[in-house]
1. Considering (1) surrounded by 13 or more Cβ atoms within 10 Å (Cβ to Cβ); (2) more than 23 Å from Y104 (Cα to Cα); (3) free of Cβ contacts under 8 Å to residues at least 12 places away in the same chain, say which one N155 fails and leave the rest.
2. Consider D178 carefully, then state whether it is exposed (fewer than 11 other Cβ atoms within 10 Å of the Cβ), in contact (Cβ under 8 Å) with a residue 24 or more places away in the chain and closer than 23 Å to E111 by Cβ.
3. Specify the residue that is surrounded by the most Cβ atoms within 10 Å (Cβ to Cβ); the eligible residues are those in region 119-152 that are over 21 Å from D105 (Cα atoms) and in contact with a Leu (Cβ under 8 Å, 6 or more places away or on another chain).
4. Inside region 1-33, can you point out the residues that are assigned to a strand (DSSP E or B), at pLDDT 55 or above and of a type outside the set (A, V, I, L, M)?
5. What pairs come out if I take residues in region 28-39 that are at negative phi and touching a residue at least 40 places away in the same chain (Cβ under 8 Å) and pair them with residues that are of a type in the set (S, T, N, Q) and assigned to a strand (DSSP E or B) whose C-beta lies under 6 Å away, six or more apart or interchain?
6. When you scan region 95-110, how many residues do you find that are touching a Phe, Trp or Tyr at 6+ places or on another chain (Cβ under 8 Å), hydrophobic (A, V, I, L, M, F, W, C) and buried (at least 20 other Cβ atoms within 10 Å of the Cβ)?
7. Quick one: would you say G172 is small (G, A, S) and in the same structural domain as D26 (by TED's automatic domain parsing)?
8. When you look at L189, is it modelled with pLDDT of 95 or more, among the aliphatic types (A, V, I, L, M) and not assigned by TED's automatic domain parsing to the domain that holds H60, yes or no?
Amino acid sequence: MKRAKISPMTDSPADAIATLRIEIKDIEPLIWRRVAVRSSMNLMALHKVIQAAMGWLDYHRWELVVEERKYGILDPDRPHVKNGATTQLATILVSGVTEFDYVYDFGDNWEHRIVVEGISNAEADAKYPRFLGGERRCPPEDCGGPPGYFEFMENIANKRSKKAKEALDWYGGPYHPDDIDVEQINVTLGRIANSYRTGRPKPVKK
């Protein structure tokens with residue numbers, strides 16, 4: 001686990017802006033996003049940011065894994081999982097951790113690597129979270145994890161084949177691997193910026 005100190009240029013960890021790089025593991029070419037978020041954001045809100053930036057639809061359970069600690073939605077069947085809604089990102093940052101994991105959909109088991117690339121003060125009049133870049137479209141929901149994704153991509157490669165038609169009919173429309181839909185990402189992150197307050201998430205429509 002990588003560690004680093006909070007930058008001295010920030011007034012305090014809770015006021016800091018963290019630049020995060022989000023990568024889906026076990027997929028080549030790499031699918032990744034970069035976002036800037038307030039460290040005062042709770043981990044439930046961070047989950048929403050990851051979903052919006054990547055293009056997931058928030059259909060399934062999830063958890064953030066920091067060293068041996070797991071954060072998510074409280075579940076009596078999973079008592080080891082801490083409440084993500086009452087834990088701030090700053091709690092992770094002040095411990096020195098700069099890399100942790102996010103798992104989405106325990107069936108397909110999409111594992112993400114979250115890298116803290118930098119910590120700084122907020123820019124005047126800027127809204128956060130903010131999308132900073134990325135490459136390649138998110139895999140389809142419920143496609144079967146990385147193996148299912150590779151099969152889906154292989155099936156749609158020959159656009160005139162029967163397998164391609166069946167795969168795209170299942171998906172529900174065209175699938176362009178290089179189109180990450182920046183406009184939709186910015187719209188959804190903008191709604192999150194307007195809807196979330198420190199530790200008090202409100203519903204956000206996609």
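The values are calculated or read from the model by the stated rules, or taken from the named source; none is laboratory data. Here the structure is a predicted model, which is why all the values come from computation and not from measurement. Cβ placement follows ideal geometry from the backbone for every residue including glycine, while neighbour counts extend to all protein chains displayed.
1. (3)
2. Yes.
3. To start, the set of residues in region 119-152 that are over 21 Å from D105 (Cα atoms) comprises 119-135.
From what is left, the residues that are in contact with a Leu (Cβ under 8 Å, 6 or more places away or on another chain) are 119, 129-131, 135.
Values: I119: 21, P129: 27, R130: 19, F131: 19, E135: 13.
Ranking the qualifying residues of region 119-152, first place goes to P129.
4. If we filter region 1-33 for residues that are assigned to a strand (DSSP E or B), which is where we start, we get 3, 16-24, 32-33.
Still in the running and at pLDDT 55 or above: 16-24, 32-33.
Answer for region 1-33, where residues must be assigned to a strand (DSSP E or B), at pLDDT 55 or above and of a type outside the set (A, V, I, L, M): T19, R21, E23, W32, R33.
5. The qualifying pairs are A36/T19.
6. Taking region 95-110 first, the residues touching a Phe, Trp or Tyr at 6+ places or on another chain (Cβ under 8 Å) are 102-105, 110.
Now restrict to residues that are hydrophobic (A, V, I, L, M, F, W, C): 103, 110.
Those still in the list that are buried (at least 20 other Cβ atoms within 10 Å of the Cβ) too: 110.
Count: 1.
7. On the way: small (G, A, S): yes; in the same structural domain as D26 (by TED's automatic domain parsing): no.
No; evaluated as a whole, the condition is false for this residue.
8. Details: modelled with pLDDT of 95 or more: yes; among the aliphatic types (A, V, I, L, M): yes; not assigned by TED's automatic domain parsing to the domain that holds H60: no.
Considered against the rule, which asks whether it is modelled with pLDDT of 95 or more, among the aliphatic types (A, V, I, L, M) and not assigned by TED's automatic domain parsing to the domain that holds H60, L189 comes out as no.
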